[in-house]
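Novice: Submitted below is the structure of interest, expressed as structure tokens.
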Amino acid sequence: MKHCNGRILLRIPPELHELAAEHAKIKEQSLNEYIKESIQNKINEERVGFKVATNLSFSKVSIGDKRRSELREAVIVTQHPWYMELLRKHQIYFFNPKLGRVTPMSYLLFYETTKQEEDGTKNQHPRTIASYGKVDQIIFDINPNDYKFIPELNSLIDDEEFWPRISKWGSTNIVILSDIGEINNTLSLKNGLEARYLVNKTTSLPQLVNAKYIEDLYK
């Protein structure tokens, strides 16, 4: 699927151009804003039929389109080694589908577990939060046959290390990240038993800056 850069050269009849400019003025929008909104509204109208025609099941949430009040600032999630490797390579995170349609967030904080995979792989920073991800999109209810319709996931389909396993999954929820970074001062648990309660806990960036332990993130 061809990558789109967000720019388009649009040729329309002068009469339609004049009408669009008139409507944009009435709505106190720029012509670009009005055209963008009109295209989005048309796509929303056709989306149900498109999903039926292509047998797609997923829906997308773009974080950039959300108001700040609609987002959680940062969310703690747990990561086994296999998923951590997947995260670093493809910048995607899989939410447990049992959590349902979680409230969108701006950042994810990754708590690395002590699990060892069958091939001996271990997390680099077990029992700590050492990295974060900036969320770009959340895709809900995605099935393996849907991945080819999402450009950001095309490389995953060609990955022989991860795709054979993922291709056998049922419906799940994916977070696409625009950036992954390391936290300057890694955070560990003050009470190791707290690890079982970390999934989907909400925190904030000021709490992250001032925290000495993971428990400080959700006081």
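Novice: Checking the structure you have, find out if any residue of the range 134-154 is surrounded by 14 or more Cβ atoms within 10 Å (Cβ to Cβ), of a type in the set (S, T, N, Q), at pLDDT 90 or above and under 18 Å from residue 82 (Cβ atoms).
Specialist: No, the range 134-154 contains no residue that is surrounded by 14 or more Cβ atoms within 10 Å (Cβ to Cβ), of a type in the set (S, T, N, Q), at pLDDT 90 or above and under 18 Å from residue 82 (Cβ atoms).
Novice: Of everything in the range 190-219, what is modelled with pLDDT under 90 and more than 19 Å from residue 107 (Cβ to Cβ)? Give them in sequence order.
Specialist: 190, 191, 192, 193, 194, 195, 196, 197
Novice: Check every one of the helices (runs of 4 or more DSSP H) wholly within the range 11-124 and list those with 1 or more residues that are at pLDDT 95 or above, open to solvent by less than 100 Å² (accessible area, probe 1.4 Å) and under 30 Å from residue 184 (Cα atoms). Steps first, answer last, please.
Specialist: On the way: elements: 14-26, 31-54, 81-90.
Hits in the range 11-124: 81-90.
Novice: So residue 11 ticks every box in (1) more than 28 Å from residue 151 (Cα to Cα); (2) over 32 Å from the mean Cα position of the chain (by Cα) but one. Which box is left unticked?
Specialist: Residue 11 satisfies all of (1) more than 28 Å from residue 151 (Cα to Cα); (2) over 32 Å from the mean Cα position of the chain (by Cα) except (1).
Novice: Another question, if that's okay. Can you go through 163, 169 and tell me which one is modelled with pLDDT of 95 or more and either over 28 Å from residue 218 (Cβ atoms) or touching a His at 6+ places or on another chain (Cβ under 8 Å) (or both)?
Specialist: 163
Novice: In the range 163-219, which residues are more than 27 Å from residue 150 (Cα to Cα), assigned to a helix (DSSP H, G or I) and open to solvent by 70 Å² or more (accessible area, probe 1.4 Å)?
Specialist: Listed by number, the residues that qualify are 193, 196, 197, 206, 209, 210.
Novice: Only residues that are over 14 Å from residue 57 (Cα atoms) and aromatic (Phe, Trp, Tyr): list them for the range 118-168, please.
Specialist: 132, 162, 163, listed by residue number.
The values are calculated or read from the model by the stated rules, or taken from the named source; none is laboratory data. None of the values given here were measured: they were computed from a predicted structure. Note that we place each Cβ from the backbone using ideal geometry, even for glycine, and neighbour counts take in every protein chain shown. These area figures cover heavy atoms from the full protein model, side chains too; ligands, DNA and RNA do not enter into them. Shrake-Rupley method; radii C 1.70, N 1.55, O 1.52, S 1.80 Å.
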